[in-house]
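What follows is a single structure, written as structure tokens, with notes after it.
The values are calculated or read from the model by the stated rules, or taken from the named source; none is laboratory data. Remember, it's a predicted structure, so these values are computed and weren't measured experimentally. Because the Cβ atoms are built from the backbone with ideal geometry, glycine has one as well, and the counts that use them run over all protein chains shown. Calculation scope for accessible area: heavy atoms of the full protein, side chains included, ligands and nucleic acids excluded. Shrake-Rupley method; radii C 1.70, N 1.55, O 1.52, S 1.80 Å.
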Amino acid sequence: MTSPTTDRAAEHAPTIDPGSLFRFATAGSVDDGKSTLVGRLLHDAKAILADQLEAVGRTSAERGFGGGTGRLDLALLTDGLRAEREQGITIDVAHRYFATDRRSFILADCPGHVQYTKNTVTGASTADAVVLLVDARHGVVEQTRRHLAVTALLRVPHVVVAVNKIDLVDYSRDVFERVAGDARGVAARLGVEDVHVVPVSALEGDNVVEPSERTPWYTGRPLLRVLEELPTADESGRGAARPFRLPVQYVLRPQGGTAPGLDPEALRDYRGYAGQIASGAVAVGDEVVVLPSGRRTTVTGIDVAGTAPAPGAPLPGEQLAEAAAPLSVTLRLADDIDIARGDLLAGAADELPEPVRELPASLAWLGDRPLRPRDRVLVKHGAATVQAMVEELEGRLDLDALELRAADTLELNDIGRVRLRLASPLPVDPYDRLRRTGAFLVIDPATGGTLAAGLARGA
């Protein structure tokens, strides 16, 4: 069995692309030090501009930030809203972009307050990893379990538990191993498979970017090195044989109405179906299926906007022989069939999602009003929005027992299981197979506000 004093990134042996983009989100309970950790990560990775650093230095001095002359309150690097700075908390998701010589990163710094759990769902929904902070003095608390449950629900590939404020427990190995064991135990019960645990001090910089001499008992890698070496979803093989999916965002039919410099006659009969490839790849000549209708046709052209046309070319932009996710493209098809915004184009050779009217799903409830059986809502899947009714509320996750318990309602920040009855069929993939086309939103039909993040389950 692997010792908790070592991380387990070495168990993964995929090839890491030096130019790859890695997305990760931070999470944790309030005052666990997320913003300080992010600030330390950016500062020690030399990802802060000189004028930003100078401004943080001035503000830190004005506020008498503790720890000695010249010390920086690194949380100021991410807490950008006035209310965040005044209260010393994170309210909104703050995105930061930085790069090392090994890869580029997009970081989503998420709030810790329970009332902002919906922001954590947003930040983690597209992440390759979640960095979950745990205060070494307090250990695993309810919000730790909630964030691990969200991580499990969203099928985030990797979880890095940063046991922070290790300096406040005198760099105790016993404390770290106890917290690490508790975190791994909760993660295992929730079905989170890939967990790495690192002892850190965001304030002092221990094991954030460089190994710390004050934790000689920890033989693993610092946090940044773990993030540099974790595979993305595609690199870990999860995307190697993904089926092709393209939700249609817009039907392009210029009928002679074109931008200056283009030949209107050349585009008079043009018809293309635009969207971002959500999964897999497509090539000219491939057979595709239009869902939910089930009509089949062949791809005759792949156009990309925003690029200069070849001299004398009849069409604007670049024409490709093949394209893969996450590229945004316009497909031209062999047959003039009825395709509208909200339809899904899928590879005919792949396993196809069955258009369904009854949708079993897990929900992270984000609405202020509770969800009850028989409630009427809207379901937004890709570019399609359909009316729906809550046919059954199967239960709510008990965060203490980590079990599904019977419930009459879902309240704010609850995670539960439901069965929805749809007014029109939707081609929804199971979320554990395809994250992009297995996810949807639940919307309030009266206000248009988002009520829940939904994840389709297998029947």
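Overview of values
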| read-out | value |
| --- | --- |
| Segment 399-407 - phi-based ³J(HN,Hα) in whole Hz, Karplus 6.51/-1.76/1.60, Gly and Pro as x | 6, 7, 7, 6, 10, 7, 10, 4, 8 |
| Most to least packed among 126-135, 166-175 [average Cβ atoms within 10 Å] | 126-135, 166-175 |
| Segment Leu441-Asp170, extension gain: residue separation times 0.36 nm, minus the distance between their alpha carbons | 93.0 nm |
| Gyration tensor verdict on segment 133-240 (Cα atoms; rounded if a/c is under 1.5, prolate if a/b is larger than b/c, oblate otherwise) | oblate |
| For segment 419-459: rounded, prolate or oblate by the Cα gyration tensor [a/c cutoff 1.5] | prolate |
| Equivalent ellipsoid semi-axes - Cα gyration tensor, segment 355-459, angstrom | 20, 16, 12 |
| Length added when fully stretched, Glu318-Glu403, from 0.36 nm per residue minus Cα-Cα | 25.4 nm |
| Difference of contour (0.36 nm per residue) and Cα-Cα distance, Arg271 to Glu287 | 4.0 nm |
| Karplus (6.51, -1.76, 1.60) ³J(HN,Hα), θ = phi - 60°, over segment 376-383, in Hz, Gly and Pro reported as x | 9, 9, 10, 10, 10, 10, x, 9 |
| Charge tally in the Cβ shell below 9 Å around Asp335, where Lys, Arg are +1 and Asp, Glu are -1, Asp335 excluded | +1 |
| Centroid-to-centroid separation of segment 155-190 and segment 417-459 [C-alpha atoms, Å] | 33 Å |
| Per residue solvent-accessible surface (Å²) - segment 155-233, probe of 1.4 Å | 38 Å² |
| Point-to-point label distance, Arg214-Leu21, nm (Cα→Cβ direction, 7 Å offset) | 3.7 nm |
| Efficiency of FRET between Ala348 and Val251 - r from beta-carbon atoms, R0 22 angstrom, step 0.05 | 0.60 |
